[in-house]
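The block underneath contains the structure these notes are about, expressed in structure tokens.
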Amino acid sequence: MDEERSTVELKFEVRDTKDFFVAASETLDCRVVVEDTIYRTDGKVLKYFTVTARATSALQFARDCNTVQSARVVRDGGGTCLLETVVDRQGYMTGTLAMARAVTKRVFADDGVGTVIVEVPEHADPGAVIDVMLEYHEGTTLLSKWHREDSDLVAVTGAVGTERYLSALTTKQRDAVRAAVQGGYLAWPRQSSASECADALGVSQPTFSQHLYRGLEVLLIGLFDMSEEEYDGVSMAP
């Protein structure tokens, strides 16, 4: 029988205003939640934030930030919006964590105080993650360190079931699907065009569409538990 694997969960308090989510929450006096992070092939980072502030204020703050190369509001819910930004990878907290082989689970900030929760897999060193966070991000404090077994993680997150489907996708397919979901391209009515999603990823519109629809096809085949041979043999007659 395979031995049960374990991970270490680390929780940090962050007050480094060089990080966009901390600075935005302080300036706008609001909560900022990091919803997703996608690493583009050109070295830039695509990020989505839920901001509990007026969309115009959030967008103006992003455009005034010297680390943000482009920004747009995907959804405007009145007092809350979904903000899309493209930034340089260098010096960004999620990049720091990725280089230390930690998996970011939850990141948010309230009024200038950030909370970052990460998981360190068994093949990585929790001490190295702690050291790199404290060294490269000012005003960072380790709040807790918790050892968790795989059985606990499955019960809490259901991550194994999700990864079963996502692992079948290529990186480009996964990024296209994530950008489409976060950007509201799959919503009705659509909140973003294919061109806007492609621009966010730094690729052409045909390339985005190709990876998106192939990725969705793979996900749906897996969801209905069909092999590709079975899928190809399904009759298209009504």
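The values are calculated or read from the model by the stated rules, or taken from the named source; none is laboratory data. The structure displayed is predicted, hence computed values, not measured ones. Here the Cβ is made from the backbone with ideal geometry for all residues, glycine too, and neighbour counts use every protein chain on show.
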Could you grab the pairs with beta carbons closer than 9 Å, sequence gap of 6+ or different chains, first residue in segment 129-142 and of a type in the set (G, A, S), second one assigned to a helix (DSSP H, G or I) and surrounded by 15 or more Cβ atoms within 10 Å (Cβ to Cβ)? G139/V22
Checking V107, V86 in turn, the sole residue that is farther than 19 Å from T27 by Cβ, touching a Gly at 6+ places or on another chain (Cβ under 8 Å) and either touching a residue at least 40 places away in the same chain (Cβ under 8 Å) or part of a strand (DSSP E or B) (or both) turns out to be V86
Scanning segment 43-81 residue by residue, those closer than 21 Å to G112 by Cβ, in a strand (DSSP E or B) and either among the acidic types (D, E) or in contact (Cβ under 8 Å) with a residue 40 or more places away in the chain (or both) turn out to be K47, Y48, V68
Against the definition (of a type outside the set (F, W, Y), assigned to a strand (DSSP E or B) and under 13 Å from the mean Cα position of the chain (by Cα)), how does V8 come out, yes or no? no
Could you list all residues from segment 11-29 that are in a strand (DSSP E or B) and of a type outside the set (A, V, I, L, M, F, W, C)? K11, E13
Quick check on segment 206-229. Is at least one of its residues outside the structural domain of V45 (by TED's automatic domain parsing), over 20 Å from A168 (Cβ atoms), crowded, with 17+ Cβ neighbours inside 10 Å and in contact (Cβ under 8 Å) with a residue 24 or more places away in the chain? no
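Per-residue answers, yes or no, for (1) under 30 Å from H123 (Cα atoms); (2) among the acidic types (D, E); (3) crowded, with 21+ Cβ neighbours inside 10 Å:
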{"residue": "A23", "(1), (2), (3)": "no, no, no"}
{"residue": "L28", "(1), (2), (3)": "no, no, no"}
{"residue": "V34", "(1), (2), (3)": "yes, no, yes"}
{"residue": "G43", "(1), (2), (3)": "yes, no, no"}
{"residue": "T67", "(1), (2), (3)": "no, no, no"}
In segment 99-123, which residue that is out of contact with any Asp or Glu (no Cβ under 9 Å at 6 or more places or on another chain) and either over 18 Å from K11 (Cβ atoms) or surrounded by fewer than 17 Cβ atoms within 10 Å (Cβ to Cβ) (or both) is modelled with the highest pLDDT? D110
Which of the helices (runs of 4 or more DSSP H) found entirely inside segment 125-238 contain at least 2 residues meeting this: at pLDDT 95 or above and under 18 Å from the mean Cα position of the chain (by Cα)? 171-182, 194-201, 205-223
